[in-house]
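**Student:** Take a look at the following structure, please.
The values are calculated or read from the model by the stated rules, or taken from the named source; none is laboratory data. Computed from a prediction, not measured in an experiment: that's the story for all the values here. As a convention, Cβ positions derive from the backbone with ideal geometry for all residues, glycine included, and neighbour counts pool all protein chains shown.
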Amino acid sequence: MLQYGCVEYVDVDVDSGRFPSLRKLVIWGFSNLKGLLKKEGEEQFPVLEEMTIHRCPVFVFPTLSSVKKLEFVGEADATVLRSISNLRALTSLDISDNVEAISLPEEMFKSLANLKYLKISCFKNLKELPTSLASLNALKHLVISRCDALESLPEEGVKGLTSLTQLSITFCEMLKCLPEGLQHLTALTTLTITQCPIVFKRCEKGIGEDWHKIAHIPNVSIY
């Protein structure tokens, strides 16, 4: 675990620059850290599987073919978020606590064909999600929480989530409606919507304007 300091790259701060056995990496509070590698080339983290990056706002991810799980907490601009697409083996992605981003870059999800779990939380000013969600054909569990400014989910993006089995939307008070594409997600078995007052009314069983979009889902919990 690395914590605090003003280094810009990890590999120049160690003797060999290589971490042949490292499987889990936690980096916390490096406001100037630009990345793991000063120069891209031979992969120096060949078995790295899990990364946790907290409060590293300019950290750009290099190409890492073995990383399967990422938790990213804190501010990040479009360049940083876009670089997550370099982790093509990702199966789990949890991003949170960003009050500046109003959107996510389209390129962010396009290379994540193996992603099965995605959580986006505490993006206070996030107004929209990218249509590139549609490229997440393996995604099984999607969690969207505490995105206060989010008004809708992308119609084209949702249509591509053909493997989705669980969808959870919580504390998104500005969410105005659910996308029509939900009714075509035949693998979806569990829907949870909490503290989304506008959608709550639209999903009233049998009579709500959005009820037809979710009527096929076996387990629905809205409160």
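**Student:** Here are the criteria: (1) basic (K, R); (2) touching a helix residue (DSSP H, G or I) at 6+ places or on another chain (Cβ under 9 Å); (3) more than 23 Å from L22 (Cβ to Cβ). Tell me which single one K127 does not satisfy.
**Tutor:** It fails just one condition, (2).
**Student:** Name the residues in the stretch 140-176 that are at positive phi and not aromatic (F, W, Y), would you?
**Tutor:** The one that is at positive phi and not aromatic (F, W, Y): R146.
**Student:** Only one of these is in contact with an Asp or Glu (Cβ under 6 Å, 6 or more places away or on another chain), of a type in the set (G, A, S), crowded, with 19+ Cβ neighbours inside 10 Å and modelled with pLDDT of 95 or more: S103, S83, S132. Name it.
**Tutor:** Answer to the check: S132.
**Student:** So, one more: With the structure loaded, tell me whether L37 is surrounded by 18 or more Cβ atoms within 10 Å (Cβ to Cβ) and out of contact with any Cys (no Cβ under 7 Å at 6 or more places or on another chain) or whether it fails that test.
**Tutor:** In short, yes.
**Student:** Within the set of pairs 6+ apart or on separate chains, which have a first residue in the stretch 101-127 that is closer than 22 Å to V58 by Cβ, a second that is hydroxyl-bearing (S, T, Y) and assigned to a strand (DSSP E or B), and C-beta atoms under 8 Å apart?
**Tutor:** Pairs that qualify, where the first residue is closer than 22 Å to V58 by Cβ and the partner is hydroxyl-bearing (S, T, Y) and assigned to a strand (DSSP E or B), are I120/S96; I120/S145; S121/S96; S121/S145; C122/S96; C122/S145; F123/S96.
**Student:** Filter the stretch 66-100 for residues that are over 19 Å from L33 (Cβ atoms) and not hydroxyl-bearing (S, T, Y) and give the result.
**Tutor:** K68, K69, R88, A89, L90, L93, D94, V99
**Student:** Within the stretch 191-223, work out how many residues are small (G, A, S), assigned to a loop (DSSP other than H, G, I, E, B) and within 24 Å of S163 (Cβ to Cβ).
**Tutor:** Total meeting the criteria: 1.
**Student:** Any residue in the stretch 183-212 that is hydroxyl-bearing (S, T, Y) sitting within a Cβ distance under 7 Å of a residue that is surrounded by 15 or more Cβ atoms within 10 Å (Cβ to Cβ)? List the pairs, counting only those 6 or more apart or interchain.
**Tutor:** Pairs that qualify, where the first residue is hydroxyl-bearing (S, T, Y) and the partner is surrounded by 15 or more Cβ atoms within 10 Å (Cβ to Cβ), are T189/T165; T189/I217; T190/T165; T190/Q166; T192/S168; T194/T170; T194/F171.
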